[in-house]
Structure formats: C-alpha cells, structure tokens
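The block underneath contains the structure these notes are about, expressed in structure tokens.
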Amino acid sequence: MKGSANTDGETSPSRFATTRWSVVLSCAKSKAANDTARKALAELCRIYWRPVFAFICRRGYSVADAQDLTQDFFLMVLEGNLLSLADPRRGRFRSLVLKALQNFLIDKHDRQKTQKRGGGMQFVSWNDWMAEAPSQLSIPATTLASWPADKIFDLRWAATMVEQALRRLAEECESRGRRRMFSVLSKYLTADRLDVSYADLSASLGVPENSVKRLLHHLRERYRAILRDEVSQTVETPGEVDDEIRYLCAALATDAR
C-alpha cells in the first residue's frame with residue numbers, strides 16, 4: 001500500500017510538524033499542553049474508540065460494561081497525564097494506547113471505589129460514535145472467542161484506518177460529482193488486476209474500458225495517499241509510516257486467512 005511520491009496528499013518530513021500525534025508529543029516534551037494538542041489528542045481518541053471497545057469486550061466484559069469502560073478510558077486519556085507519559089522512543093500512538101488501556105483495566109477495581117472519572121460526563125455519546133463511524137468489518141464469533149485481545153485491537157485499528165481513508169475518498173468523489181464512480185470502483189481498490197473485469201465495469205459506468213482503467217488507477221493512487229496520511233497522523237516521524245502500513249496490511253491479511 002505504498003503511495004506514489006507525486007500523489008496528492010503524500011506525507012513529507014515537513015508535514016510532521018503539524019500532524020496530530022507530533023503536536024501531542026511536542027507539547028509533552030515541552031510540558032506545555034495547549035488547546036491545539038488537546039484537540040489533536042481528542043481527534044485521535046475518536047478514531048481509536050472501536051479498537052479499544054473491541055479489546056475490552058475480548059477481555060470478557062459485557063457490551064454495556066465495555067461501553068462504560070471505553071468512555072472512562074478516553075476521559076482518563078483526555079483529562080489525565082497521557083501527555084507526560086508519551087515517550088518519544090515509542091512513536092506510535094497505537095502502541096501507547098494499547099499499553100495505557102492494559103494498565104487501565106488492571107487498575108479497574110481501584111477506580112470503581114472512587115467517583116466515576118469526569119463526574120459522569122461523556123466524551124461523546126455512544127450513539128454518536130456508532131452513527132459517525134459504522135464499521136464495515138464483521139469479525140466472526142469464532143475469531144472473537146479465540147484471538148487474544150491485543151490481536152483483536154490490531155485488527156480493529158487496521159480496519160478503522162482503512163475505513164477512515166475510504167470515507168475521505170468517498171467525500172472527495174462526491175464533492176466532484178463522482179459518487180457513483182466511487183461506489184462502483186471502490187470494491188476494486190485493493191483487488192488484483194486479474195480479479196477486475198474492465199468490460200463489466202465499463203458497461204456499468206457507461207464509459208470506455210480505457211477510461212475505467214484510468215479512473216481506477218487514479219482512485220487507487222488517491223486511496224493510498226489518503227491512507228498514508230491517516231497513518232501518518234498516528235506516528236511521530238515519516239520513517240515510521242511504511243512500517244506502520246506494513247503492520248496494518250499484516251493485521252488485515254491475518255483476518256483474511
């Protein structure tokens with residue numbers, strides 16, 4: 001899933017001064033958290049709620065309890081000391097969230113004895129979360145029962161990154177009057193060439209096969225660029241993006257098997 005160097009939206013070293021995780025880490029290093037860092041952290045949290053919820057469910061909690069714990073966890077992240085805990089040597093937000101979540105669940109009994117964090121406030125209502133980011137990934141019950149929680153977390157994280165990229169690409173296409181083109185071609189963004197019938201797609205879209213090939217090529221390039229941008233928001237340096245994308249692909253490939 002490597003993006004072209006000339007593709008719009010490609011990440012570059014200079015952009016990392018303003019990506020979400022770099023903003024958070026920068027404030028952590030200076031010990032001067034500000035509104036910009038808090039907003040960046042809040043946006044990252046909104047993206048990570050599904051992996052966190054899946055992890056908690058796999059640990060044996062009921063859906064209702066997992067919902068409450070997910071809310072409590074993110075309130076702890078936003079109101080607590082995650083900024084001071086952010087270790088520059090651990091550049092991936094995914095890694096820090098998973099470690100923080102494991103510690104959070106270990107301390108669960110102690111926290112139950114105190115007032116609920118945030119005084120009963122909700123970071124965002126559960127229904128809003130569900131409506132905002134419906135998942136296209138359905139994990140079989142056998143997988144949920146057999147895989148360890150951290151593997152479920154990784155799979156949900158990978159799916160969320162892909163879904164965020166697809167959502168952005170769909171919005172771009174719709175803004176250009178190409179929503180139908182996206183609806184038809186988006187199924188083939190990661191398909192092998194042999195699995196694509198350009199003749200069928202040509203008939204469906206009412207355009208020549210050469211045009212279909214060109215449209216699909218450009219759509220794939222843009223998808224890869226957006227996905228790189230989404231991933232770049234969760235790491236500290238440009239050099240980590242390719243490794244993280246390889247990790248993402250491996251997580252999704254494991255699910256495919």
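All of the numbers you see were taken from the coordinates with simple rules; none came from a lab. Because the structure is a prediction, the values reported are computed rather than measured. Cβ coordinates were reconstructed from backbone atoms using ideal geometry, including for glycine residues, and neighbour counts include every protein chain displayed.
How far apart, in nm, are the 7 Å Cα→Cβ label points at ASN34 and VAL184?
Label at ASN34, label at VAL184, 4.9 nm between them.
Could you rank the peptides 224-231, 203-210 by their average count of other C-beta atoms within 10 Å per residue, with the highest value first?
224-231, 203-210
With just the Cα atoms of region 164-257, tell me how far they stretch along each of the three principal axes, in Å, largest first.
Each principal axis gives a Cα extent; for region 164-257 these are 44, 33, 19 Å.
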